[in-house]
Ligand code: SF4
């Protein structure tokens, strides 16, 4: 059986957690965790790793040329680059407000891209 050792990031303690995988690549057991959150973390990280994407998109007619955006819901790690590339094509018209949804339900993954900053319209 294969093993993967990772650092649990659910709390500052940072336990070194080892997941043992079955032949299908699923987590069969976890050791090294101090609490049950470590089991959840290791299972998610091995079977379906996800990340929050923070990036920027362009703004037309604003006081700033870019606005920060992010995915409040983590997306599959394997799709991070695809979404980052998609954001390069986006140009928003100022004003942009915090919390404005830039992309709704990207590729049906249930993940929104949302503005985390604001840009006023240039005078
Ligand atoms: S296993 Fe529990 S105690 Fe250890 S880092 Fe993860 S959340 Fe913190």
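The values are calculated or read from the model by the stated rules, or taken from the named source; none is laboratory data. What you see is a predicted model; the values in this text were computed from it and never measured. A quick note on method: Cβ atoms are made from the backbone with ideal geometry, for glycine too, and the neighbour counts reach across all protein chains shown.
For the reader, a short list of remarks on this structure follows.
- Which listed residue is more than 16 Å from the ligand (Cβ to nearest atom) and assigned to a loop (DSSP other than H, G, I, E, B), from 111, 59: 111
- Cβ pairs under 6 Å, 6+ apart, first in the stretch 32-46 and within 13 Å of residue 20 (Cβ to Cβ), second within 8 Å of the ligand (Cβ to nearest atom) and in a loop (DSSP other than H, G, I, E, B): 32/15; 33/15; 39/33
- Among (1) within 30 Å of residue 30 (Cα to Cα); (2) not assigned by TED's automatic domain parsing to the domain that holds residue 9, the one test that residue 104 misses: (1)
- Residue check for residue 30: in a strand (DSSP E or B), over 20 Å from the mean Cα position of the chain (by Cα) and within 16 Å of the ligand (Cβ to nearest atom): yes
- Of the set (1) within 14 Å of the ligand (Cβ to nearest atom); (2) farther than 28 Å from residue 109 by Cβ; (3) surrounded by fewer than 17 Cβ atoms within 10 Å (Cβ to Cβ), all apply to residue 15 but (3).
- For the stretch 107-123, a residue qualifies if it is loosely packed, with under 12 Cβ neighbours inside 10 Å and either outside the structural domain of residue 91 (by TED's automatic domain parsing) or touching a strand residue (DSSP E or B) at 6+ places or on another chain (Cβ under 6 Å) (or both), and exactly one does: 123.
- Flag if residue 9 is under 19 Å from the mean Cα position of the chain (by Cα) and without any contact (Cβ under 8 Å) to a residue 40 or more places away in the chain: yes
- Odd one out for residue 49 among (1) surrounded by fewer than 14 Cβ atoms within 10 Å (Cβ to Cβ); (2) more than 18 Å from the chain's Cα centre (by Cα); (3) within 16 Å of the ligand (Cβ to nearest atom): (2)
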